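To keep things clear, I will list the structure first and then write my remarks on it.
The values are calculated or read from the model by the stated rules, or taken from the named source; none is laboratory data. Just so it is clear, the model here is predicted, and its values are computed rather than measured. We place every Cβ from the backbone using ideal geometry, glycine too, and count neighbours over all the protein chains shown. Protein only, heavy atoms only, side chains kept; ligands, DNA and RNA dropped before computing areas. Shrake-Rupley method; radii C 1.70, N 1.55, O 1.52, S 1.80 Å.
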Amino acid sequence: MTPFPAASAERVALYAGSFDPITHGHEDLIRRTLTFADRVIVAVANNVSKQPLFSVDDRVRLITDIMGHDSRIEVRAFSGLLVDFAREVGAQVNVRGLRAVSDFEYEFQMALMNRHLLPEMETVFMTPSLDTTYISSSMVREVARFGGDVSGLVHPLVGRALVTRFAELR
């Protein structure tokens with residue numbers, strides 16, 4: 001049995017994460033992935049060991065609203081092993097963002113495990129643009145939690161969603 005659908009010239013990249021919330025850094029990597037892939041599937045992880053601020057459905061909706069104008073970008077939720085999802089969608093490339101050297105060890109271990117489980121899928125490490133290197137979803141949540149300005153860090157839709165969500169939690 002072949003691990004991927006019938007051979008195709010289409011290059012499909014997978015960019016997986018929790019995206020809680022999606023930041024300008026994530027958007028940057030998604031757009032830049034389209035320079036070497038024909039299609040990007042943004043895979044929103046349903047990680048049961050984390051307590052996300054936004055539901056999986058909310059995260060999928062936000063990313064779709066922000067990135068959905070480009071037909072080459074598909075946003076889907078997934079749970080379980082990334083390699084199983086990659087097989088399902090026919091992805092040949094797994095894109096991972098590295099903001100700092102401290103990210104590398106974990107990401108390298110994951111890339112090796114994914115290679116063990118699915119040798120046909122390559123992992124590509126990408127660094128964010130210089131102006132988004134310092135942005136992380138956890139920092140965005142923290143700034144927003146205390147009413148700080150996140151307008152330079154996230155799309156306006158995400159900024160409004162953060163304000164609404166934290167108002168609901170008060």
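Would you check if THR64 is part of a loop (DSSP other than H, G, I, E, B) and not hydrophobic (A, V, I, L, M, F, W, C)?
Judged against the criteria, THR64 is not a match.
What are the residues in region 116-170 that are of a type in the set (Lys, Arg), part of a helix (DSSP H, G or I) and over 19 Å from the mean Cα position of the chain (by Cα), if any?
ARG145, ARG160, ARG165 - these are the residues of region 116-170 that are of a type in the set (Lys, Arg), part of a helix (DSSP H, G or I) and over 19 Å from the mean Cα position of the chain (by Cα).
What pairs come up if the first residue lies in region 79-95 and is within 20 Å of ALA9 (Cα to Cα), the second is open to solvent by 30 Å² or more (accessible area, probe 1.4 Å), and their beta carbons are under 6 Å apart, counting only those six or more places apart or on different chains?
From region 79-95, the pairs are ARG87/PRO3; GLY90/PHE4; GLY90/PRO5; VAL93/GLU122; VAL93/VAL124; ASN94/THR123; VAL95/VAL124.
Please indicate, with yes or no, whether at least one residue in region 144-151 is surrounded by 15 or more Cβ atoms within 10 Å (Cβ to Cβ), closer than 20 Å to LEU34 by Cβ and modelled with pLDDT of 95 or more.
So far as region 144-151 goes, no, none of its residues is surrounded by 15 or more Cβ atoms within 10 Å (Cβ to Cβ), closer than 20 Å to LEU34 by Cβ and modelled with pLDDT of 95 or more.
Going by the conditions given, is LEU14 more than 15 Å from the chain's Cα centre (by Cα), surrounded by 18 or more Cβ atoms within 10 Å (Cβ to Cβ) and outside any helix (DSSP H, G or I)?
Answer is no for this residue.
Looking only at residues in region 75-102 that are assigned to a loop (DSSP other than H, G, I, E, B) and aliphatic (A, V, I, L, M), which one is most open to solvent (accessible area, probe 1.4 Å)?
Looking at residues that are assigned to a loop (DSSP other than H, G, I, E, B) and aliphatic (A, V, I, L, M), I get LEU81.
Do we have ASN114 as within 25 Å of THR64 (Cβ to Cβ) and polar (S, T, N, Q) here?
no
What pairs come up if the first residue lies in region 147-166 and is more than 15 Å from THR132 (Cβ to Cβ), the second is open to solvent by 50 Å² or more (accessible area, probe 1.4 Å), and their beta carbons are under 6 Å apart, counting only those six or more places apart or on different chains?
Partner pairs satisfying both residue conditions: LEU157/ASP65; GLY159/SER151; PHE166/ARG145.
I need a count of the residues in region 115-129 that are closer than 24 Å to ASP28 by Cα and either polar (S, T, N, Q) or open to solvent by 100 Å² or more (accessible area, probe 1.4 Å) (or both).
Qualifying residue count for the region: 3.
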